[in-house]
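Step one of this worksheet: look at the structure below.
The values are calculated or read from the model by the stated rules, or taken from the named source; none is laboratory data. This structure is a prediction, so every number in the text was calculated from the model and none was measured. Note: ideal-geometry Cβ built from the backbone for every residue, glycine included; neighbour counts use all protein chains shown.
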Amino acid sequence: MPKDISVTRLSGWDQVAMRGYMSKVLCFPFDNTKIDAAAAHIKASLAKLAQHRPDFAGTLEVHDGGIVHHITNKSNTIPFSVEDISSVFPFASYDELKAAEFPPGAFVHPRFMMPCRLTEGEPGVPVLILKAFVIPGGLFLGIYFCHAFADGGCLKILLETLAGMTRGIFVEGAKTKKFDAPFANESNVKDENGGRLDALLAKVPEYTVLDALTGPTAPKFRPDGVPMESIEKIGKIFVFDNERLKELRCSVLGASTTAALEENNHGVPAPTLPSNYSCLAALTWAHISKARLSDPVKYVPYIQGTDDVALLQTMVNWTSRALIESNPDYFGNATAIAVTRLPTKDSILSRASESPLDLSKLIFAIEKTIAGVNEEFVCDRTELFSRVSDPRLVGLRFDPRTPQDLGFNTWRFFGADTEWCIPGVGNSGAVKPDIIRRVQMMWNMSGALILPAKATSTTHELLVTLPQSSMDLLCNDGDWMKWVDHVIG
């Protein structure tokens with residue numbers, strides 16, 4: 001192998017990450033006469049980035065056993081292209097799009113997607129791709145960062161580093177791909193009795209082993225039910241004013257404080273002001289499950305026992321919680337799926353949509369789950385990944401068609417405050433994006449995502465994707481909408 005080529009086996013956490021691109025666009029007002037200068041400057045900035053961080057200019061390949069390897073070459077470049085989409089974009093101008101508050105549906109279309117054929121026997125795929133989409137008065141800087149290489153926390157570092165390059169500034173960040181932990185760099189590990197994998201699966205509620213190589217981190221769909229592609233889905237952004245959110249948090253605190261005094265704190269959560277994140281997670285799960293359970297349209301048959309337990313999947317970055325001393329500079333997937341499990345009916349979940357006290361208990365349950373992401377949690381999952389014969393068999397014990405379950409995540413701190421110097425963007429100096437939007441080929445089934453926002457933002461934007469009939473019920477839920485400032489889309 002030539003000396004300037006390096007091949008690195010990715011760690012177990014990278015191996016089981018979804019093998020597609022994390023995709024978003026940074027939206028800027030733009031002088032269309034400067035497109036050539038803008039493209040040249042972005043291309044030059046990417047060339048500098050490739051020299052500063054050759055890992056970003058690398059490619060990923062799948063080798064025997066489904067194992068992903070990272071290939072770097074000193075001659076590698078980061079792909080970049082420009083496309084004028086003025087004739088096909090649903091808004092006539094950037095000003096019109098901005099006046100509509102950048103509705104999420106404008107960015108759901110195959111034109112925005114980048115194929116990521118990360119499969120065995122196929123050529124490698126780029127770690128990172130950039131594409132600039134142009135409309136009258138606007139530029140969307142598309143960022144496509146492969147999830148098999150990194151997670152959202154790494155995406156934040158990428159955006160800060162690339163934005164710095166456009167300003168001529170070198171921004172340093174974590175860059176070590178090797179994850180130093182037991183089992184982290186092994187695969188298909190056997191044990192003498194053959195029962196260790198089953199023991200780990202019994203201990204880990206979020207993962208399962210798939211029946212075919214359809215993963216990794218793909219839902220384990222039930223054999224019966226309506227195919228995902230046949231379900232009419234929609235996405236909307238629910239905007240929450242921070243002051244109104246504070247009223248909700250104080251209402252929850254007041255209810256739990258009163259209960260604590262009345263019951264001498266027996267079985268009642270400690271009276272502390274919940275975070276915006278945990279409050280939104282609880283409120284969203286309570287009302288979305290209410291809408292979906294009351295929706296007469298069902299997409300999978302009810303299974304007694306399984307569907308009597310509702311699941312909330314919250315994403316937790318563990319780099320500040322586990323194995324810190326041995327991995328101070330780790331750059332890779334480090335997002336755990338923390339699952340809160342509660343009875344579907346006649347529980348704090350079913351009552352939380354109307355009861356501040358039950359909402360406080362639901363928040364406490366979610367915060368307790370998140371607090372459980374510690375070193376033992378991470379080590380168990382690291383070992384689990386190593387003992388599955390092929391990472392593509394690692395799946396999620398979750399079917400998005402079930403009405404009681406929900407995935408909840410946040411991108412709030414990912415890139416909205418980055419400052420960019422691009423010809424045609426702004427009058428002079430560094431400019432922050434007006435907004436960041438997720439791009440995707442089609443709507444998801446059931447999920448909630450807090451979108452990126454500037455540190456000074458006075459609101460939280462929550463992107464919710466649901467079946468159309470369930471979304472209609474959610475939008476007509478007065479106990480939900482009383483906390484929502486307005487809806488986009």
* If you take the residues in the range 89-113 that are assigned to a helix (DSSP H, G or I) and of a type in the set (D, E, K, R), which one is farthest from Ala453 (Cα to Cα)? -> Arg111
* To do: Could you grab me the full set of residues in the range 441-489 that are surrounded by 21 or more Cβ atoms within 10 Å (Cβ to Cβ) and either at pLDDT below 95 or among the acidic types (Asp, Glu) (or both)?
  => Ser446, Glu461
* Asked: Could you say whether any residue in the range 43-62 is surrounded by fewer than 19 Cβ atoms within 10 Å (Cβ to Cβ) and in contact with a Phe, Trp or Tyr (Cβ under 8 Å, 6 or more places away or on another chain)?
  -> yes
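Tally up the residues in the range 140-180 that are in a loop (DSSP other than H, G, I, E, B), closer than 23 Å to Arg438 by Cβ and either modelled with pLDDT of 95 or more or touching a strand residue (DSSP E or B) at 6+ places or on another chain (Cβ under 9 Å) (or both), please. Write out each step before concluding.
The first filter runs over the range 140-180 and keeps only residues in a loop (DSSP other than H, G, I, E, B), leaving 147-151, 167-175, 177-180.
After this cut, where a residue has to be closer than 23 Å to Arg438 by Cβ as well, the list is 147-151, 173.
After this cut, where a residue has to be either modelled with pLDDT of 95 or more or touching a strand residue (DSSP E or B) at 6+ places or on another chain (Cβ under 9 Å) (or both) as well, the list is 147-151.
The total comes to 5.
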* Looking at (1) over 19 Å from the mean Cα position of the chain (by Cα); (2) small (Gly, Ala, Ser); (3) surrounded by 14 or more Cβ atoms within 10 Å (Cβ to Cβ); (4) closer than 28 Å to Phe331 by Cβ, find the lone condition where Gly153 falls short. => (1)
* Scan Ala148, Ala163, Ala181 and give me the residue that is buried (at least 19 other Cβ atoms within 10 Å of the Cβ) and either over 24 Å from Phe414 (Cα atoms) or of a type in the set (S, T, N, Q) (or both). => Ala181
* Any pair with Cβ under 7 angstrom, 6 or more apart, that starts in the range 30-58 at a residue that is free of Cβ contacts under 8 Å to residues at least 40 places away in the same chain and ends at one that is part of a helix (DSSP H, G or I) and not small (Gly, Ala, Ser) -> Ala50/Phe56
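Residue check: is Asp31 under 30 Å from Ala453 (Cβ atoms) and surrounded by 15 or more Cβ atoms within 10 Å (Cβ to Cβ)?
Values: under 30 Å from Ala453 (Cβ atoms): yes; surrounded by 15 or more Cβ atoms within 10 Å (Cβ to Cβ): yes.
Here the answer is yes, as Asp31 does meet what is asked.
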* Asked: Among Ser86, Ser81, which is the only one that is in a strand (DSSP E or B) and of a type in the set (S, T, N, Q)?
  -> Ser81
* Members of the range 139-189 that are of a type in the set (Gly, Ala, Ser), out of contact with any Cys (no Cβ under 7 Å at 6 or more places or on another chain) and in contact (Cβ under 8 Å) with a residue 24 or more places away in the chain -> Gly142, Ala148, Ala150, Gly152, Gly153, Ala163, Gly168, Gly173, Ala174, Ala184, Ser187
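Does Val226 meet the test of being assigned to a loop (DSSP other than H, G, I, E, B), without any contact (Cβ under 8 Å) to a residue 24 or more places away in the chain and not aromatic (Phe, Trp, Tyr)?
no
Can you tell me which residues in the range 185-203 are among the small types (Gly, Ala, Ser), surrounded by 12 or more Cβ atoms within 10 Å (Cβ to Cβ) and more than 28 Å from the chain's Cα centre (by Cα)?
Taking the range 185-203 and keeping what is among the small types (Gly, Ala, Ser), we get 187, 194-195, 199, 202.
Next, from what is left, pick out any that are surrounded by 12 or more Cβ atoms within 10 Å (Cβ to Cβ): 187, 199.
Within the range 185-203, just Ala199 meets the criteria.
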* Asked: Residues in the range 347-370: is at least one exposed (fewer than 15 other Cβ atoms within 10 Å of the Cβ) and either over 20 Å from Ser275 (Cα atoms) or among the aliphatic types (A, V, I, L, M) (or both)?
  -> no
* Does Ile231 satisfy being buried (at least 16 other Cβ atoms within 10 Å of the Cβ), modelled with pLDDT of 95 or more, among the β-branched types (Val, Ile, Thr) and touching an Asp or Glu at 6+ places or on another chain (Cβ under 9 Å)? -> no
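Within the range 96-103, does at least one residue satisfy the condition of being surrounded by fewer than 19 Cβ atoms within 10 Å (Cβ to Cβ) and either touching a helix residue (DSSP H, G or I) at 6+ places or on another chain (Cβ under 6 Å) or modelled with pLDDT under 95 (or both)?
Kept after step one, since they are surrounded by fewer than 19 Cβ atoms within 10 Å (Cβ to Cβ), are these residues of the range 96-103: 96, 98-101, 103.
Okay, now just the ones that are also either touching a helix residue (DSSP H, G or I) at 6+ places or on another chain (Cβ under 6 Å) or modelled with pLDDT under 95 (or both), so none.
Within the range 96-103 (the criterion being surrounded by fewer than 19 Cβ atoms within 10 Å (Cβ to Cβ) and either touching a helix residue (DSSP H, G or I) at 6+ places or on another chain (Cβ under 6 Å) or modelled with pLDDT under 95 (or both)), the answer is no, since none of the residues qualifies.
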* To do: Would you point out which residue out of Asn193, Asn188 is touching a helix residue (DSSP H, G or I) at 6+ places or on another chain (Cβ under 9 Å) and either charged (D, E, K, R) or not in a helix (DSSP H, G or I) (or both)?
  => Asn188
